[in-house]
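Have a look at the structure below before the remarks.
The values are calculated or read from the model by the stated rules, or taken from the named source; none is laboratory data. These figures come from a predicted structure and were not determined experimentally. No Cβ is skipped: glycine too gets one built from the backbone with ideal geometry, and neighbour counts run over all protein chains shown.
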Amino acid sequence: MKGKSYGERMELEAMIFLQAAENGIKYAKRKVNGTIAKDLGLKGKGKYLADGFDYSSIDNFDTMSQHLQEATQVALSMLK
């Protein structure tokens, strides 16, 4: 492993994928910020997610936790 934080993230992702599989979810996608930005029509860099996309149509996006905002960004990128 590259480092402790990388290992922790991989363990968490593995638990999420396992729980999804046990609940009958057959398709799960893992995305990094650059891929999300590219899918949303931005330059393929994660830094453009913060201010390069208009989230005004999503109620309370600014007050969401960072994790919920990231989940919303992934969901939007999957719709494109």
Give all pairs with beta carbons closer than 7 Å in which a residue from the stretch 21-35 that is closer than 13 Å to residue 75 by Cα meets a residue that is part of a loop (DSSP other than H, G, I, E, B) and not β-branched (Val, Ile, Thr); count only pairs at least 6 apart in sequence or on separate chains.
33/46
List every residue pair whose Cβ atoms lie under 7 Å apart, where the two residues are 6 or more positions apart in sequence or sit on different chains, the first residue falls within the stretch 37-53 and is assigned by TED's automatic domain parsing to the domain that holds residue 69 and without any contact (Cβ under 8 Å) to a residue 60 or more places away in the chain, and the second residue, located anywhere, is exposed (fewer than 12 other Cβ atoms within 10 Å of the Cβ) and among the hydroxyl-bearing types (Ser, Thr, Tyr).
none
With respect to residue 13, is the statement that it is out of contact with any His (no Cβ under 6 Å at 6 or more places or on another chain) and modelled with pLDDT under 85 true?
yes
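Could you please find all residues in the stretch 32-71 being small (Gly, Ala, Ser) and touching a Phe, Trp or Tyr at 6+ places or on another chain (Cβ under 6 Å)?
Step one: of the stretch 32-71, the residues small (Gly, Ala, Ser) are 34, 37, 41, 44, 46, 50, 52, 56-57, 65, 71.
37 - this is the single residue of the stretch 32-71 that is small (Gly, Ala, Ser) and touching a Phe, Trp or Tyr at 6+ places or on another chain (Cβ under 6 Å).
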For residues that are over 23 Å from residue 10 (Cβ atoms), part of a loop (DSSP other than H, G, I, E, B) and either in contact with a Pro (Cβ under 6 Å, 6 or more places away or on another chain) or not charged (D, E, K, R) (or both), tally how many sit in the stretch 64-80.
1
Just name the residue that is farthest from residue 9 (Cα to Cα) out of those in the stretch 27-63 that are within 14 Å of the chain's Cα centre (by Cα), part of a loop (DSSP other than H, G, I, E, B) and hydrophobic (A, V, I, L, M, F, W, C).
40
